[in-house]
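Computed from the coordinates by the stated procedures, all read-outs in this text should not be read as laboratory data. Please read all numbers here as calculations on a predicted model, not as lab measurements. Here Cβ is always computed from backbone atoms with ideal geometry, including for glycine, and neighbour counts include all displayed protein chains.
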Amino acid sequence: MRQLVAVLAAMAAIAGLSCGGGSAAKGGNTIKVGLVVPLTGDVKTFGESTRNGAMLAIEEANAAGGVNGRKIEMVATDDKNDPTETSNAGAKLIDMDRVVAVIGSVSSKCSVPLSDKCQTAKIPMITPTSTNPKVTVGEDGKRKDYVFRACFIDPFQGTVGAKFAAESLKARTAAVMYDVGNDYSKGLADYFKAAFEKEGGKVTAFESYAKDDVDFSAILTKVKQSDPGVLFIPDYYNKVGLIAKQARQLGVKAVFLGGDGWDSPEMVQIAGDAIYGGYFTNHYSPDDPRPEVQEWVKKYQAKYGQKPDALATLGYDAGLLLIQALKNSPHAKPDEIKLALVAIKDFPCVSGKITFDEWGNPIKSAAVLQYTKDGQKYVTTMNP
């Protein structure tokens, strides 16, 4: 009889874990939220920065007394920048840890399946850095109304890159290289190509490669023969560094241009001086003179010993957005949090004031930075 009671109790406990709602739903002293980022794998610096920024926002909120009398508990998971790992991490956070909201993931290829899982479970999600439109829009074209982001999206970023190439760099020709299996990379490539051609430019080469490729000599030979003014490489720093180095070794003279995936302290370690002179669009610059930016840089440096990159900044902004929504959710229930996020207007974040549009995307500007021997240099700001 005792064994039967024990089994029934265990089954009840498991059922309770799967119902969602988080510790706050029971009126506990904490509000449990999830964090999904790559802490190992090919873009681990992205995950580390994003985690640092998000955790700093949570720590500040808790130091100030928490939210509505409760402390926020962050449950962090490593998705290794692998979509399957991301789905598993999301399932654990929702079904076992019973979080009321999720921050993550970093790359679009991971945030898309995570957003599908959160949408099905009706758990609010804020991706700090995933820029592909599919994160907040389903295959049916409908809005995933529980999913939001702190970053601008690829159509805007691709258009900004093309406009900068045409107007500031005076480029009339461009070549594009992209990872055919990466939604982020392929999306940016397509948006750049369309926008550059609309600006009157000509795309002389539009070449794809696979995720695991490390020798780009065949593609780069085609690029060199097409003699472009700009080579647009919309990928993450680890891949861009290899391409840039091999391009210069083969004699490609084009100006390198890319997106926010370039932002990593390891870029120069991989590319060497080949990346110097290359430009990329980003979400913010630590050299931006706005007081909120300089205050952010100061406190991040004090805690982590280095300037915050865009990943850290967007992680912090995503944390601020979630905290603001929690403040306006008396019971910290997922439905309340979602509605509180929708209601956010002109909320001051480090990367700019945020108002969500009808698709859960913030309306904001983009910075253009350049890699130099002295580090990243702020060039200009491009408005929507």
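Structural descriptor for the chain: relative contact order 17 percent, calculated from alpha carbon pairs under 8 angstrom and at least 6 residues apart. From the square roots a ≥ b ≥ c of the eigenvalues of the alpha-carbon gyration tensor of region 270-384, which class results: rounded (a/c under 1.5), prolate (a/b over b/c), or oblate? Because a/c hits 1.5 or more and a/b exceeds b/c, region 270-384 counts as prolate. Comparing Cα centroids, region 162-213 and region 101-152 end up 25 angstrom apart.
Taking a ≥ b ≥ c as the square roots of the Cα gyration tensor eigenvalues, with a/c under 1.5 meaning rounded and otherwise prolate when a/b beats b/c, else oblate, which class fits region 154-282? Judged from the Cα gyration tensor, region 154-282 comes out rounded (a/c under 1.5).
Beta bridges from DSSP with both residues in the chain: antiparallel share about 35 percent, rounded to the nearest 5.
If you average the C-alpha positions of region 348-384 and of region 252-327 separately, how far apart do those two centres end up, in angstrom? Region 348-384 and region 252-327 have Cα centres separated by 10 Å. Using a Gaussian network model of the chain with C-alpha springs under 10 Å, which one of Gly187, Gly352, Gly41 is most mobile by mean-square fluctuation? Of Gly187, Gly352, Gly41, the most mobile in the Gaussian network model is Gly41.
The aspartates and glutamates whose alpha-carbon is closer than 13 Å to the alpha-carbon of Lys202, local same-chain residues fewer than 8 away aside, are Asp227.
With the Kirkwood sum run over all distinct C-alpha pairs, region 23-121 has a hydrodynamic radius of 13.6 Å. The residues neighbouring Asn383, those whose beta-carbon lies less than 12 Å from its own, together hold a net charge of +2 under the Lys/Arg +1, Asp/Glu -1 convention. Across region 139-204 the C-alpha pair distances fall into 5 Å bins from zero in the proportions 4, 17, 22, 21, 16, 9, 7, 4, 0 percent.
Per-residue ellipticity at 222 nm from helix content only, as computed over the chain with -39500 (n - 2.57) for each DSSP H run of at least four residues, stands at -12500 deg cm²/dmol.
Could you identify which residue out of Gly241, Gly181, Gly104 has the top mean-square fluctuation in a GNM of the chain using Cα springs shorter than 10 Å? Top of the fluctuation ranking is Gly181. When the pairs Lys32/Lys122; Lys239/Lys353; Lys44/Lys303; Lys186/Lys253 are compared against a 26 Å limit on Cα-Cα distance, Lys239/Lys353 fall above it. What is the helix-to-structure angle for 310-327, meaning the angle in degrees between its Cα long axis and the longest Cα principal axis of the chain, kept from 0 to 90 and rounded to the nearest 10? The answer is roughly 30 degrees.
Derived from the Cα gyration tensor, the three semi-axes of the equivalent ellipsoid of the chain are 39, 22, 18 Å, largest first. Please compare each pair in Lys134/Lys193; Lys80/Lys222; Lys245/Lys377 to a cut-off of 23 Å on the Cα-Cα distance and tell me which ones are over it. Going by Cα-Cα distance, Lys80/Lys222 fall outside the 23 Å limit. Of the trypsin sites (Lys or Arg not before Pro) found in region 273-315, no site is in coil according to DSSP while having at most 13 other Cβ atoms within 10 Å of its Cβ.
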